[in-house]
1. Taking the condition exposed (fewer than 12 other Cβ atoms within 10 Å of the Cβ), more than 22 Å from residue 98 (Cα to Cα) and not polar (S, T, N, Q), does residue 27 pass?
2. Can you confirm whether segment 17-27 contains a residue that is over 12 Å from the mean Cα position of the chain (by Cα) and among the polar types (S, T, N, Q)?
3. Please go through segment 82-126 and give me each residue that is over 19 Å from residue 38 (Cβ atoms) and touching a Lys or Arg at 6+ places or on another chain (Cβ under 9 Å), ordered by number.
4. Out of everything in segment 112-146 that is among the charged types (D, E, K, R) and outside any loop (DSSP other than H, G, I, E, B), what residue ends up being surrounded by the most Cβ atoms within 10 Å (Cβ to Cβ)?
5. All but one of (1) surrounded by 17 or more Cβ atoms within 10 Å (Cβ to Cβ); (2) over 28 Å from residue 142 (Cβ atoms) hold for residue 22, so report the exception by its number.
6. Would you please list the contacts, defined by Cβ atoms under 6 Å and residues six or more apart or on different chains, that run from a residue in segment 11-38 that is farther than 19 Å from residue 146 by Cβ to a residue that is aromatic (Phe, Trp, Tyr) and assigned to a loop (DSSP other than H, G, I, E, B)?
7. Among the listed residues 69, 39, identify the single one that is in contact with an Asp or Glu (Cβ under 7 Å, 6 or more places away or on another chain) and farther than 20 Å from residue 7 by Cβ.
8. Assess whether residue 77 counts as being buried (at least 16 other Cβ atoms within 10 Å of the Cβ), within 25 Å of residue 129 (Cα to Cα), of a type in the set (Asp, Glu) and modelled with pLDDT of 95 or more.
Amino acid sequence: MTEVAFYHLQRAPLDAVLPRLLERTLAANRRALVLVGSAERVEALAGLLWTYRSDSWLPHGTVKDGTAADQPIWLSDKDDNPNAATYLFLTDGAGSLRMAEFERCFDLFDGNDEAAVAAARERWTALKVGGHTLTYWQQDGQGKWEKRA
C-alpha cells in the first residue's frame, strides 16, 4: 500500500513547504505529481517553482508546457500520471483515485482552515480503512516538522 504523509500546515503556508518537499523528492531521484484544485492554481504554483528562491528553481511542467514525460515534476488539476511520478502531492483538498500507483503520497492541508482540517480527517479515516500506511506531521514552535502519529 501507499505510504501517506499528512502535513498539517499551520506555521508555514503551502508556498513555503511544497518547494522544500519537492527538492527532497528530486534529491531522492523520484518524480512528482502535484495535484491542485484548479487550472489557475496550477499556473500559480508553476510560477512559484520558478521564483521561490533567487538562487534556485525546480524543473517542472504543466499541460501548457507540453511533454509530461520530460518533466520530473508535473503540476495538474487532473487525476492522471503523465510523467510516471512515484510521489504524489495532494493540495487544495485534491484527491486521487490512483493513489495505489504511487510509492508515497503527501497530503498537505491548511491547518488554519477548519473545513480543510475536517476534510483531512475524513481522508485520513478513509485511507486508514483502505489499509494505507499513514503518518501525521505538524510543525513545532520553531517551525521544525515533527511526526505526531
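1. Numbers: exposed (fewer than 12 other Cβ atoms within 10 Å of the Cβ): yes; more than 22 Å from residue 98 (Cα to Cα): yes; not polar (S, T, N, Q): yes.
Yes, satisfied.
2. no
3. If the condition is that a residue be over 19 Å from residue 38 (Cβ atoms) and touching a Lys or Arg at 6+ places or on another chain (Cβ under 9 Å), then 83, 84, 85, 86, 87, 103, 104, 111 are the ones that fit.
4. The extreme case among them is 123.
5. With respect to (1) surrounded by 17 or more Cβ atoms within 10 Å (Cβ to Cβ); (2) over 28 Å from residue 142 (Cβ atoms), residue 22 is out only on (2).
6. As it stands, the answer is 19/52, since those pairs meet every condition given.
7. 39
8. It is false that residue 77 is buried (at least 16 other Cβ atoms within 10 Å of the Cβ), within 25 Å of residue 129 (Cα to Cα), of a type in the set (Asp, Glu) and modelled with pLDDT of 95 or more.
The values are calculated or read from the model by the stated rules, or taken from the named source; none is laboratory data. Worth saying up front: this structure is predicted, and the values here are computed from it rather than measured. Cβ coordinates were reconstructed from backbone atoms using ideal geometry, including for glycine residues, and neighbour counts include every protein chain displayed.
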